[in-house]
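> I have a structure here, written as C-alpha cells, and I will follow up with some questions on it.
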C-alpha cells in the first residue's frame with residue numbers, strides 16, 4: 001500500500017500557487033500597457049488642442065475653464081464677423097453654406113471646446129469665400145457705374161456740342177434782311193463788298209443796320225463825344241486817309257476803309273453785327 005506523503009503535496013501546492021501568481025503578474029502587465037497607451041493618446045490629444053488654443057499642455061487639465069472661455073470668445077467673435085458678411089452678401093452672392101455654419105456655431109455653449117474650435121475654423125473659412133465673392137460683385141458694379149457715368153458725360157458733352165453748333169444757325173435766323181431800297185451809299189457798299197470780299201446779300205443785310213446804328217450812313221456824321229467820323233465811324237477819322245485823300249467827303253473812300261476794318265477785326269459784317277448786338281459797339 002502506497003503511503004501519502006504530506007511534504008510532497010505541500011510542494012505541489014506551492015508550485016501551483018507560484019504558477020498562478022506568475023500568470024497573474026503577466027496579465028496585470030498587459031492591462032497596464034493598455035492603460036498606459038490610452039493615457040498617452042489622451043495626453044497627445046490634449047497637447048494638440050492646447051497648441052491650437054495657445055495654452056500650455058500642462059494647463060489644459062487644470063485650466064479647463066480658461067479653455068472654455070477662450071472657445072466662447074472665439075465663437076462670439078467669429079459669429080459677429082460672419083453675420084456681418086452674411087448681411088453684406090444679401091442680393092450679391094449665395095451665403096447659405098456660411099449661414100449653416102453660423103447656425104451650428106451658435107450652439108457653442110452646448111459644445112465641447114474642441115468642437116467649438118473646429119466650427120470656428122470652418123466658419124471663418126466660409127466667411128472668407130463669401131467676402132471674396134461680395135468683393136468681386138462690388139468691383140463689377142463699380143466698373144459698371146463708372147462706365148454709365150462716362151457714357152452720361154459723353155452724352156452731355158455731345159448735347160453741348162450740338163447746342164453750340166446750332167447756335168450760329170439760330171443767330172443767323174435772327175439777323176436782319178437786306179433792304180429792298182438801299183440808298184446810294186448802301187449800293188456802293190454792296191458792290192464793293194461783293195467785288196473785294198465776295199460777300200453776298202446775307203452779309204449786306206448785316207452791314208446796313210450796323211452802319212445805320214453808327215452813323216445813319218451819313219458821310220458827314222461826327223460824334224462830338226468820341227471824335228468818331230464818317231459812315232463807318234472811324235476813330236479818329238483821319239485813319240480813313242489810308243483809303244484815299246478824299247476820305248472826308250467821298251462815301252466810297254469811307255466805305256472802302258470801313259469794309260477793310262470789319263474784315264481785319266471781325267472777319268465778316270455779320271460777325272461785326274453780332275458783336276454790336278451784344279456789346280453795343282463794334
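The values are calculated or read from the model by the stated rules, or taken from the named source; none is laboratory data. None of these values were measured; they are calculated from a predicted model. Neighbour counts are summed over all protein chains in view; Cβ atoms, including those assigned to glycine, are modelled from backbone coordinates with ideal geometry.
> Checking residue 124 against (1) under 22 Å from residue 70 (Cα atoms); (2) free of Cβ contacts under 8 Å to residues at least 40 places away in the same chain: exactly one of these is not met. Which one?
Every listed condition holds for residue 124 apart from (2).
> Answer yes or no as to whether residue 158 is exposed (fewer than 11 other Cβ atoms within 10 Å of the Cβ) and either not assigned by TED's automatic domain parsing to the domain that holds residue 264 or not in a helix (DSSP H, G or I) (or both). Can you show your working first?
Details: exposed (fewer than 11 other Cβ atoms within 10 Å of the Cβ): yes; either not assigned by TED's automatic domain parsing to the domain that holds residue 264 or not in a helix (DSSP H, G or I) (or both): yes.
Yes, satisfied.
> Among the residues that make up the stretch 192-213, is at least one of them in contact with a strand residue (DSSP E or B) (Cβ under 9 Å, 6 or more places away or on another chain) and surrounded by 18 or more Cβ atoms within 10 Å (Cβ to Cβ)?
So in the stretch 192-213, the residues in contact with a strand residue (DSSP E or B) (Cβ under 9 Å, 6 or more places away or on another chain) come out as none.
Scanning the stretch 192-213 turns up no residue that is in contact with a strand residue (DSSP E or B) (Cβ under 9 Å, 6 or more places away or on another chain) and surrounded by 18 or more Cβ atoms within 10 Å (Cβ to Cβ).
> When you check residue 186 against the structure, is it assigned to a helix (DSSP H, G or I), surrounded by 14 or more Cβ atoms within 10 Å (Cβ to Cβ) and either outside the structural domain of residue 252 (by TED's automatic domain parsing) or in contact (Cβ under 8 Å) with a residue 24 or more places away in the chain (or both), yes or no? Before you say what the answer is, go through the steps one by one.
On the way: assigned to a helix (DSSP H, G or I): yes; surrounded by 14 or more Cβ atoms within 10 Å (Cβ to Cβ): yes; either outside the structural domain of residue 252 (by TED's automatic domain parsing) or in contact (Cβ under 8 Å) with a residue 24 or more places away in the chain (or both): yes.
Judged against the criteria, residue 186 is a match.
> Which one is farthest from the chain's Cα centre (by Cα), of the residues in the stretch 227-251 that are surrounded by 17 or more Cβ atoms within 10 Å (Cβ to Cβ) and part of a helix (DSSP H, G or I)? Please lay out each step first, then the result.
In the first step, residues of the stretch 227-251 are kept if they are surrounded by 17 or more Cβ atoms within 10 Å (Cβ to Cβ); the result is 228-234, 237, 240, 243, 247, 250-251.
Applying the additional criterion that residues be part of a helix (DSSP H, G or I) yields 237, 240, 243, 251.
On the way: 237: 63, 240: 63, 243: 64, 251: 67 Å.
Here the residue is 251.
> How about the stretch 232-248: which of its residues are within 13 Å of residue 260 (Cβ to Cβ) and touching a helix residue (DSSP H, G or I) at 6+ places or on another chain (Cβ under 6 Å)?
232, 234, 240, 243, 244, 247
> So, residue 116, is that one out of contact with any helix residue (DSSP H, G or I) (no Cβ under 6 Å at 6 or more places or on another chain) and in the same structural domain as residue 67 (by TED's automatic domain parsing) or not? First the steps, then the outcome.
Working: out of contact with any helix residue (DSSP H, G or I) (no Cβ under 6 Å at 6 or more places or on another chain): no; in the same structural domain as residue 67 (by TED's automatic domain parsing): yes.
Spelling it out, it is not the case that residue 116 is out of contact with any helix residue (DSSP H, G or I) (no Cβ under 6 Å at 6 or more places or on another chain) and in the same structural domain as residue 67 (by TED's automatic domain parsing).
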